[in-house]
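Below: the structure, in C-alpha cells.
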Amino acid sequence: MPSSNTTAAVQGAKHLCDWNCVLLCGCPLQVSLQTAKSLKDDRAAEQCRDLTAVLHLLIHITQSDLSAANDLEAPAGTGTEQPANGHAASAADDAGIIAGVVLVGLNIVLPMINAELLQFPKLAQLYYSLLSYMLEVYPKAVTELPQHDFGSLMASLEWGLLSSDTVAVHCSLEGLAGLAKYQLQAVQTFGRGLAGQSAGNRSVVSHFQELLLRRLLLEETPQEIVEMAADAVLPLLLAEPASFGALSASMTAAAGARGEVRAATAVSKALSQLGSWLQQHAEQVAAAPAGERAASIVMRNATRQFRQQLSQMVADVRGLVCLR
C-alpha cells in the first residue's frame, strides 16, 4: 500500500474511532436507567435491541481492526517491503485506539448485561463473540480495566462457560484460553499479567482452574467441550501450579460428598496423574531452547498431548461420578 494511502487509512480509522467514542458515550442516556430488576418482558426486549445495536457497532470496529492489520502486511512473494518503522508505530497506535473504543463500549454494556438478557440467543452470541475477541487480541488492555469492570467482565465470562448455549460456551472457552496464555507468558517473563485483579478472596487463575475442572469431571459435558476446554485448562494450570494441590483435595471431597467412595478414588487418581504430567511438562518447558519459536513449538506439542490426557481422564472418571 502506498505511503500516502496508508497514512490516510490510519487517519480515517482514528476519526472513525473518535466518532464512535462520542456515539457510545451517548448510549447510557438512552438505556442506563433501565435496570434488570425492573424490566418487564417488553422492556427487556427493548433493551436487548439497544444492546444488540451497540454490540453490532463494536463488532464492526473489530472487523475493521482485522482488515487494517491485513492491509498493512505485505503480500508474500511480491517483493514488497514491510511497512517502515513509522508506519508500524502508527498501526500499533491505531490498534490501541480501537482497543480503547471497544473497551469504552464494553464499559457501557457491562452494567446492563445480566443473566435475563443473555437468555436472548442473538444478544448472547454477539456479546460472547466480542468478549472472545477482546480476551484473545487485547488481553493486556482487559487486565488493566478497573477492578469493578474487570469483575463484571469475568462474571459474564463465567456465565458463558456454564451456559447451555453452544456458541456462548465456545466463545467463552476461546476467550479464557487467550487470557490464560497471556497470564502464562506474563509469569514466564516476570510481567504484570493479572496482578491487581482477583476473584473474591482468591486469584482469577485458581478460580477458573476449579470452575473448568469441576465442569469437566463432575458434570455431564459434551466431548467437543472437553477438547476445547483443554486449550484453556493447560495454560491456567501452568500459570499457577501452586493452586493445584488444594484444588485436587477440594474436587476429591466434592466427588465423594454423597458417599460415592469409588468416584472420589477415581477423581483423586486422575488428578494425581494429571499433576505428575504437569510437573513433567513444566520441566520440559524449562529445558526448552530459548526463543519464541521454540517455546511456541513446545507449547503446541504439549497442548496436543494434554487434550488426549484430559479426554482420557474425563472418560475414566465420568462413569463413576454422580452427575448433578
Handout entry: Members of the range 217-247 found to be polar (S, T, N, Q), modelled with pLDDT under 90 and in a helix (DSSP H, G or I), listed by number
Key = Q223
Completion exercise
Among S268, S250, the single one that is more than 20 Å from R307 (Cβ to Cβ), in contact (Cβ under 8 Å) with a residue 12 or more places away in the chain, out of contact with any strand residue (DSSP E or B) (no Cβ under 9 Å at 6 or more places or on another chain) and open to solvent by 50 Å² or more (accessible area, probe 1.4 Å) is S268
Handout entry: Hits in the range 156-180 - residues which are in a helix (DSSP H, G or I), open to solvent by 40 Å² or more (accessible area, probe 1.4 Å) and in contact with a Leu (Cβ under 9 Å, 6 or more places away or on another chain)
Key = E158, W159, E174
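Looking at the range 147-192, which of its residues are basic (K, R) and within 14 Å of L236 (Cβ to Cβ)?
Answer for the range 147-192, where residues must be basic (K, R) and within 14 Å of L236 (Cβ to Cβ): just K181.
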Practice task
Determine whether the range 200-210 contains at least one residue that is free of Cβ contacts under 8 Å to residues at least 24 places away in the same chain, open to solvent by 10 Å² or more (accessible area, probe 1.4 Å), closer than 24 Å to N107 by Cβ and in a loop (DSSP other than H, G, I, E, B).
Solution key: yes
Problem - Failed criterion for G191 (all others in (1) modelled with pLDDT of 90 or more; (2) open to solvent by less than 40 Å² (accessible area, probe 1.4 Å); (3) part of a loop (DSSP other than H, G, I, E, B) hold) - result: (2)
Practice task
Could you grab me the full set of residues in the range 122-138 that are outside any helix (DSSP H, G or I) and touching a His at 6+ places or on another chain (Cβ under 8 Å)?
Solution key: none
Exercise for the section: Look at A315 and say whether it is at pLDDT 85 or above, loosely packed, with under 14 Cβ neighbours inside 10 Å and either among the small types (G, A, S) or part of a helix (DSSP H, G or I) (or both). Expected result: yes
Practice task
Would you please list the contacts, defined by Cβ atoms under 6 Å and residues six or more apart or on different chains, that run from a residue in the range 223-234 that is over 10 Å from L212 (Cα atoms) to a residue that is part of a helix (DSSP H, G or I)?
Solution key: E227/R307; M228/L173; D231/A177; L234/T303; L234/F306
Practice task
Could you tell me whether the range 85-97 includes any residue that is modelled with pLDDT under 60 and in contact with a Lys or Arg (Cβ under 9 Å, 6 or more places away or on another chain)?
Solution key: yes
Exercise for the section: Kindly list, by first and then second residue, each pair from a residue in the range 130-142 that is at positive phi to a residue that is crowded, with 22+ Cβ neighbours inside 10 Å, limited to pairs with Cβ atoms under 9 Å and residues at least 6 apart or on different chains. Expected result: none
Problem - From L110, L145, L173, residue being at pLDDT below 85 and within 16 Å of the chain's Cα centre (by Cα) - result: L110
Practice task
Among the residues of the range 253-263, write down those that are loosely packed, with under 12 Cβ neighbours inside 10 Å and either touching a Leu at 6+ places or on another chain (Cβ under 7 Å) or not in a loop (DSSP other than H, G, I, E, B) (or both).
Solution key: V261
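The values are calculated or read from the model by the stated rules, or taken from the named source; none is laboratory data. Note that this is a predicted model, so its numbers are computed, not measured. Neighbour counts are summed over all protein chains in view; Cβ atoms, including those assigned to glycine, are modelled from backbone coordinates with ideal geometry. The protein model used for the area step is the full one, side chains on, heavy atoms only, and it has no ligands, DNA or RNA in it. Shrake-Rupley method; radii C 1.70, N 1.55, O 1.52, S 1.80 Å.
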